[in-house]
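All remarks here apply to the structure that follows.
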Amino acid sequence: MKIKSIEAIRLSIPFDSDRPAATQETAWNAASPALRQMETLLVRVETDSGLVGWGEAFGHLSNPVTVEALRQLVIPCFLHKTAPSNREALAAMMAEAEKALHAFGRGGPVCFALSAIDIALWDLLGQQHGQPLWQLLGARRRQIGLYASLVSYNNQPEEVARQVKRAWQAGFHMLKLHETDYAAIAAARAALPEQATLMVDVNCPWPADEASRRARQLAELKLGWLEEPVWPPDDVAGLAAVRRAGTPIASGENACGVAGFTALFEGNAINVAQPSVAKVGGITALLAVIAQAQAHGVKVVPHCFYYGAGLLATAHIVASLPDDIRLEVPFIRFTPLLYPQLDFAPTLTLPDTPGLGFAPDPAVMQTYTVSHLRVDAEGTYYV
Ligand SMILES: [Mg+2]
């Protein structure tokens, strides 16, 4: 069974987050108040036997670069090759492409593009075996818990308090903020019942000494974790120092491949590892990170700020992790829904169709497509 065509489809779908209008014009962070639409980059791999596998690459404003990485570098490594029929062959295929392209970026758009292809190949693998991915990965449950990843409310304590109450009332008992000021974080803690688990993602703002000071101050709020407190994110010794301040540390969405996690584990830098399926190298790489984390006694809670095949891929993996591990979903409402599982509630039931079970609404796809590249025997062209 050969890979007949590979497509890269950029989508931009509107969402509602119930927050005041932003003053910024450019938003580099997915949690920014400036965003009213969310972009994603889907990859569609079709075989000559008619099977279709879906993948998703990180993300947002880097998508035009990732499309070029796919077009010029990554797709030629896979087109017309035999689709792997077992996980060893899939891992070998990915390792060969990663090695061939290693000089062009061990992280960033080349790695995002490889991640999307890997997810699509896993989708095809599940379909070849007639098994949903969660089953192929050894999970025994179809229903998983979700945690609400709130967008940023610009450190406004009253607004943050209002939003966490809204999330709690919607049934989310585990919530994550994207705020940096103590006052905003403390307001969230005060607004929530004691049994709520509150995490805080600060997105790499501080040098290690300032991050340690902030972590000591936050310790009294008993956070579930403090995420990415240190700039740069690969300052392993800095993260390990912050961890000693008493608040659990989560990191890894910006780690450079599996090797980036090896450094975090060996440096005793984190309590929670957050590999991101559409950045780190796909399902293959994420499974390698899970194996390492288990050997080091570190919990894995994958990063997920996706809404395409990447979200479902992460959901299938979460089903294979211990029952208390929840899937991260943005606390927003997509209008319209690309597929039914985007109607977020505190639990998600995984599809039981073979593979990922990603079934995007064709009308939504058509309406919100930004660009659509196709590569096949005819050549490379925009549809
Ligand atoms: Mg994060």
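Bear in mind these aren't lab numbers, they're just calculated from the coordinates by the rules spelled out. Here the structure is a predicted model, which means the values were calculated and not measured. When we count neighbours, we look across all protein chains shown, and the Cβ atoms used for this are built from the backbone with ideal geometry, even at glycine.
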I'd like the Karplus ³J(HN,Hα) series for segment 269-279: coefficients 6.51, -1.76, 1.60, θ = phi - 60°, whole numbers in Hz, and an x wherever there's a Gly or Pro.
8, 9, 8, 10, 9, 10, x, 10, 4, 8, 10
Other-chain or far-sequence residues with amide H under 5 Å of Ser5's (modelled H):
Glu46
From the phi of every residue in segment 182-187, what ³J(HN,Hα) in whole Hz does the Karplus formula 6.51 cos²θ - 1.76 cosθ + 1.60 yield, where θ is phi - 60° and glycine or proline is x?
4, 4, 5, 5, 5, 5
Counting only other residues whose beta carbon sits under 9 Å from that of Phe305, what net charge do I get with K and R as +1, D and E as -1?
-2
Kindly express, to the nearest 10 degrees and within the range 0 to 90, the angle between helix 257-266's C-alpha long axis and the longest C-alpha principal axis of the chain.
40 degrees
Of all lysine pairs in the chain that are eight or more residues apart or on different chains, those with Cα atoms under 17 Å apart total 7
Would you mind computing Rg(Cα) / (2.2 N^0.38 Å) for segment 280-383, counting N as its residues?
1.27
Collect residues whose amide H, placed 1.01 Å from N in the peptide plane, falls under 5 Å from the amide H of Ser371; neighbours closer than 5 in sequence don't count.
Arg10
Where the centroid of each part is defined by its Cα atoms, how far is segment 213-272 from segment 313-383 in Å?
29 Å
As a test of the formula, what do you get for the chain when each DSSP H run with n ≥ 4 contributes -39,500 (n - 2.57) and the sum is divided by the residue count, at 222 nm and rounded to the nearest 500 deg cm²/dmol?
-10500 deg cm²/dmol
Using only Cα atoms, find the angle between the long axis of helix 87-100 and the longest principal axis of the chain, and express it within 0 to 90 degrees, rounded to the nearest 10.
80 degrees
Expected vector for segment 339-346, Karplus 3J(HN,Hα) from phi with 6.51, -1.76, 1.60 and θ = phi - 60°, integer Hz, x for Gly and Pro, equals 7, x, 5, 7, 7, 5, 9, x
For segment 205-289, the dipole about the Cα centre with charges only on Cβ (Lys and Arg +1, Asp and Glu -1), to the nearest 20 debye, works out at 220 debye
Using the alpha-carbon atoms, what tilt in degrees (0 to 90, nearest 10) does helix 309-320 show relative to the longest principal axis of the chain?
70 degrees
Rounded to the nearest 5, the percent of antiparallel DSSP beta bridges in the chain equals 60 percent
